[in-house]
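J.: This is the structure I have questions about; it appears just below.
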Amino acid sequence: MDALVLQVLNGLDKGAAYALIALGLTLVFGTLGVVNFAHGAIFMLGAFVAVSVQKILTISEKVKDESITFFDAYKEVPYLEIWWGDTGTAIIDYAVPISVFVAIPVMLLIGLAMERGLIRHFYKREHADQILVTFGLAIVLQEIIKANFGANPIPTPAPEIVAGSANIGLLLGLGDGVVYPWWRLIYFVFAVVIIGGVFSFLKYTTFGMVVRAGMHNREMVGLLGINIEKRFTIVFGLAAVVSGLAGVMYTPILPPDYHIGMDFLVLSFVVVVVGGMGSLPGAVSAGFLLGILQSFASMNVINQYLPGIDQIIIYLVAVIILLFRPHGLMGKD
Amino acid sequence: MSDDNKYSTLSRRGFLKASVAAAAGVAAPTFFMNNAHAYINAPKGGTVTLGFNVPQSGAYADEGADELRAYKLAIKHLNGEGDGGLMNTMKPLSLKGNGVLGKKVAYTTGDTQTKSDAARASAKRMIEKDGAIMITGGSSSGVAIAVQSLCQEAGVIFMAGLTHSNDTTGKDKRKYGFRHFFNTEMTGASLAPVLEKEFGKDRNAYHLTADYTWGWSQEGSIKKYTEQLGWNTTAAVRTPLGAGDFSQYITPVLNSGADVLVLNHYGKDMVNSLTQAVQFGLRDKMVNGKQFQIVVPLFSRLMAQGAGENIKGIFGSTNWNWALQDEGSKAFVKSFGAEYGFPPSQAAHTCYVQTLLYANACEMAGTFNPCGVIEALEGFKFDGMGNGATEYRADDHQCFKDVLVVRGNEKPSSQFDLLEVVQEVPRAQVEYPASMLGGELGSCKA
């Protein structure tokens, strides 16, 4: 029982990342009809907002390391620690949560600039053209990050207070066999809040209502005198914020490098296709479903009979679903 | 006269022309062989070029960066610049500090990306375009084996960098390939007795293994030696190289009944898997009435640095450690530290040593001809390079020397003092017959 609970938790935390990226991807496809292969790069840019904030907070003075005697070695002491002591250390420790607040305006601006500067010129072009240009953009962004931050993953830890694990088993009355890292639980809750927020925004606000109407019938909304293009631009910005925040919060789980976006992009497209292109609930459900399936496929009892299934399960399920439901789980004809 | 008749008639003049052409054709191969190109990329002019093929991106990029630093330092020392480093302590030494065989040493670099195909392409470019006479590097056994095989085909010597799989000097060994670094067989033989002493004979081990040649080799060796002690292997699970998030593989460990987790991972993979294992509370668990333990069979200071606090108290093995107090280690650390401001890693050490050993062998042989250099390296016994008395065994081109068993330092005295040497295991304890790991060296192309 403990093992099953652990795999479900693990699936939920993996699925949360897939769902967040797929949500942004689906928003863009559903509103603008654009297949955005640069969406993974937006996730990566979000992660590097956290890296940048951490770098800024840890700008350091080089101090000679007296414990090394046979050559001149130096330690880097952050100015924040020199100026403010423990308070400075605490601020550095909270680099990732601070980055969440920094990432919202930064990612919104990046999203708006991307849409106005490039994507809008491709609205009426073939999907193949859109894929080519957004994939090209993704590579350019990747290389810019590589040139500035190097090719190595950069550790960006969670605050010390949530660095350990929570004893979920005791909370659920299962004994102390079920422990799970705090930050992964926080990531899951964060994802649920963001997903809930996006759905509420689209469902309960006038802006959201217009966007949904535009997703169903763009021409009709335009004929009603509403500037749907402007709203769709804001939706693109919103999608960038969602994906960017997913990236920021993922950094303590996996130290980011320039390639992290590409690693997630393929999986996210599978999630979107399985959920049904353009279906927001489909993208979210498929994200969690595939995360849980991937987690269960890694269990020894399954791997014993189907070695390597954990590597292909997502793609296998995608093939099966598309065979029987060509428009995905919640897609419409 | 028809065309057929025209060509069927052979005149005296035509016969003479044909004879001369045929004679030239028969003589030509011998002419080329006897003169310029008895071996590929024979140095012309005053320089000789070495090819440094290291991972500058991917899971082993940290090791690659340190390897490149070491290579550049070795080039300086070979050319008579800097403080000379290990050239001051190496015995016997034929190098004179004026390059190699009087030629200034130059280098070219490539990025293996920790991928075999990229590494082969990069090595090929260095051989064919940059004129590299020797290729060295690699921080992955998959890469090392692939490049070693390419070098054998090209007739170029490959001085392996950080490669730990048995296969490099076992079933995939090559005449043109040489490895200074130790291997998984030696890790198993040196580490298992220490694990028995620390954790006892009654243990259940769970392996997480990088799914490529090194991981399989490491898992095999640790299983072999721990099972001989009486340990039980609960499960051995393969994980993709560069997986990043290992959580889906760690959660099944929690309730598997295992009380030891063996992480057959290296580089970033090891940093990530160890950090995540600790985050999942494994080190705080009591299983089967015993404290849960994590073992990292192949350790390095760079990895320890990446894993931070999580490394404390964890056992593993290493080829070399900067804190060793022999003259060779001290000289190398001083030289490397003065150049870069921090001590070298084991990857840097082995790459630096390999460069000097190659250069020294050229001086001993009096030629850059690979066959002569191979002959000089085979069976070469040396000392003063940081590992005590060492021998390049002629049968498999594997170096034999003492192995270090280390533990993550609980009380580091400096920012670099991350690994504590628990035991220097003597060469005799880790030596094995060359035939045990199979393979054929092949021959030299001269």
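The values are calculated or read from the model by the stated rules, or taken from the named source; none is laboratory data. Please read all numbers here as calculations on a predicted model, not as lab measurements. For neighbour counting, all protein chains shown are included, and Cβ atoms are generated from backbone atoms with ideal geometry for every residue, glycine included.
J.: How about the stretch B:391-415: which of its residues are touching a Leu at 6+ places or on another chain (Cβ under 9 Å) and within 14 Å of chain A (Cβ to nearest Cβ)?
T.: Correct list: B:Asn409, B:Pro412.
J.: Which one is modelled with the lowest pLDDT, of the residues in the stretch B:244-268 that are in contact with an Asp or Glu (Cβ under 9 Å, 6 or more places away or on another chain) and hydrophobic (A, V, I, L, M, F, W, C)?
T.: B:Leu254
J.: Next question, about the same structure. If I ask for residues that are crowded, with 24+ Cβ neighbours inside 10 Å, more than 13 Å from chain A (Cβ to nearest Cβ) and of a type in the set (S, T, N, Q), which ones from the stretch B:244-297 would you list?
T.: Listed by number, the list holds a single entry, B:Asn264.
J.: Let me ask something else. Can you name the condition, by its number, that B:Tyr352 falls short on among (1) within 14 Å of another protein chain (Cβ to nearest Cβ); (2) surrounded by 24 or more Cβ atoms within 10 Å (Cβ to Cβ)?
T.: Of (1) within 14 Å of another protein chain (Cβ to nearest Cβ); (2) surrounded by 24 or more Cβ atoms within 10 Å (Cβ to Cβ), only one is false for B:Tyr352: (1).
J.: For the subset of the stretch B:55-99 comprising residues that are in a loop (DSSP other than H, G, I, E, B) and polar (S, T, N, Q), which member is surrounded by the fewest Cβ atoms within 10 Å (Cβ to Cβ)?
T.: B:Asn98
J.: What number of residues within the stretch B:119-157 satisfy the criterion of being farther than 15 Å from B:Ile374 by Cα, of a type in the set (A, V, I, L, M) and within 17 Å of the chain's Cα centre (by Cα)?
T.: So the answer is 8.
J.: Then there's this: Return the pair list, or none, for Cβ contacts closer than 6 Å from residues in the stretch B:352-364 that are among the small types (Gly, Ala, Ser) to residues that are assigned to a helix (DSSP H, G or I), at least 6 apart or on different chains.
T.: B:Ala359/B:Leu78; B:Ala361/B:Val373; B:Ala361/B:Ala376; B:Ala361/B:Leu377
J.: If I ask for residues that are surrounded by fewer than 18 Cβ atoms within 10 Å (Cβ to Cβ) and modelled with pLDDT under 90, which ones from the stretch A:132-153 would you list?
T.: A:Lys146, A:Ala147, A:Phe149, A:Gly150
J.: Which residue out of A:Leu316, A:Leu323, A:Leu290 is under 21 Å from the mean Cα position of the chain (by Cα), assigned to a helix (DSSP H, G or I) and at pLDDT 85 or above?
T.: A:Leu290
J.: Just need a number here: residues in the stretch B:416-446 that are under 20 Å from B:Val296 (Cβ atoms) and either within 14 Å of another protein chain (Cβ to nearest Cβ) or aliphatic (A, V, I, L, M) (or both).
T.: 8
J.: Report those helices (runs of 4 or more DSSP H) wholly inside the stretch A:1-109 carrying at least 3 residues which are within 11 Å of chain B (Cβ to nearest Cβ) and under 19 Å from the mean Cα position of the chain (by Cα).
T.: The helices (runs of 4 or more DSSP H) meeting that bar are A:2-32.
J.: Which number in (1) assigned by TED's automatic domain parsing to the domain that holds B:Ser247; (2) touching an Asp or Glu at 6+ places or on another chain (Cβ under 9 Å); (3) among the small types (Gly, Ala, Ser) marks the one condition that B:Ala192 misses?
T.: Tallying (1) assigned by TED's automatic domain parsing to the domain that holds B:Ser247; (2) touching an Asp or Glu at 6+ places or on another chain (Cβ under 9 Å); (3) among the small types (Gly, Ala, Ser), B:Ala192 fails exactly one: (2).
J.: Can you confirm whether the stretch A:152-172 contains a residue that is within 8 Å of another protein chain (Cβ to nearest Cβ) and in contact with a Ser or Thr (Cβ under 7 Å, 6 or more places away or on another chain)?
T.: no
J.: Would you tally the residues in the stretch B:142-175 being over 28 Å from B:Arg407 (Cα atoms) and touching a His at 6+ places or on another chain (Cβ under 9 Å)?
T.: Qualifying residue count for the region: 4.
J.: Let me ask another. Report, by residue number, each residue of the stretch A:160-183 that is assigned to a helix (DSSP H, G or I) and surrounded by fewer than 20 Cβ atoms within 10 Å (Cβ to Cβ).
T.: A:Glu160, A:Ile161, A:Val162, A:Ile168, A:Gly169, A:Leu170, A:Leu171, A:Leu172, A:Trp182
J.: Across the stretch B:421-446, what is the total count of residues that are in contact (Cβ under 8 Å) with a residue 40 or more places away in the chain and surrounded by 15 or more Cβ atoms within 10 Å (Cβ to Cβ)?
T.: 12
J.: Please enumerate the residues belonging to the stretch B:217-243 that are among the hydrophobic types (A, V, I, L, M, F, W, C), in a helix (DSSP H, G or I) and either surrounded by 21 or more Cβ atoms within 10 Å (Cβ to Cβ) or modelled with pLDDT of 95 or more (or both).
T.: Within the stretch B:217-243, B:Ile222 is the sole residue that qualifies.
J.: Please enumerate the residues belonging to the stretch B:213-241 that are of a type in the set (Gly, Ala, Ser) and at the interface with chain A (Cβ under 9 Å from one of its Cβ atoms).
T.: The one that is of a type in the set (Gly, Ala, Ser) and at the interface with chain A (Cβ under 9 Å from one of its Cβ atoms): B:Ala235.
J.: Another one. Mind checking whether some residue in the stretch A:184-202 is touching a Pro at 6+ places or on another chain (Cβ under 8 Å) and buried (at least 20 other Cβ atoms within 10 Å of the Cβ)?
T.: Taking every residue of the stretch A:184-202 in turn, none turns out to be touching a Pro at 6+ places or on another chain (Cβ under 8 Å) and buried (at least 20 other Cβ atoms within 10 Å of the Cβ).
J.: Return the residue satisfying two criteria in turn: it lies in the stretch B:340-349 and is within 13 Å of chain A (Cβ to nearest Cβ), touching a residue at least 24 places away in the same chain (Cβ under 8 Å) and outside any helix (DSSP H, G or I), and of such residues it is farthest from B:Pro426 (Cα to Cα).
T.: For the stretch B:340-349, the residue satisfying everything is B:Phe342.
J.: Could you tell me whether the stretch A:240-251 includes any residue that is outside any helix (DSSP H, G or I), within 14 Å of another protein chain (Cβ to nearest Cβ), within 20 Å of the chain's Cα centre (by Cα) and surrounded by 24 or more Cβ atoms within 10 Å (Cβ to Cβ)?
T.: There is at least one residue in the stretch A:240-251 that is outside any helix (DSSP H, G or I), within 14 Å of another protein chain (Cβ to nearest Cβ), within 20 Å of the chain's Cα centre (by Cα) and surrounded by 24 or more Cβ atoms within 10 Å (Cβ to Cβ).
J.: Moving on to the next point. Does A:Gly222 satisfy the condition of being touching a residue at least 40 places away in the same chain (Cβ under 8 Å) and more than 30 Å from B:Asn272 (Cβ to Cβ)?
T.: Judged against the criteria, A:Gly222 is not a match.
J.: Return the residues of the stretch A:259-273 that are buried (at least 23 other Cβ atoms within 10 Å of the Cβ) and over 14 Å from A:Thr26 (Cβ atoms); say none if nothing qualifies.
T.: Passing the criteria: A:Ile260, A:Gly261, A:Phe264.
J.: Looking only at the stretch B:392-401, how many residues end up being among the charged types (D, E, K, R) and either at positive phi or surrounded by fewer than 21 Cβ atoms within 10 Å (Cβ to Cβ) (or both)?
T.: Counting residues in the stretch B:392-401 that are among the charged types (D, E, K, R) and either at positive phi or surrounded by fewer than 21 Cβ atoms within 10 Å (Cβ to Cβ) (or both) gives 2.
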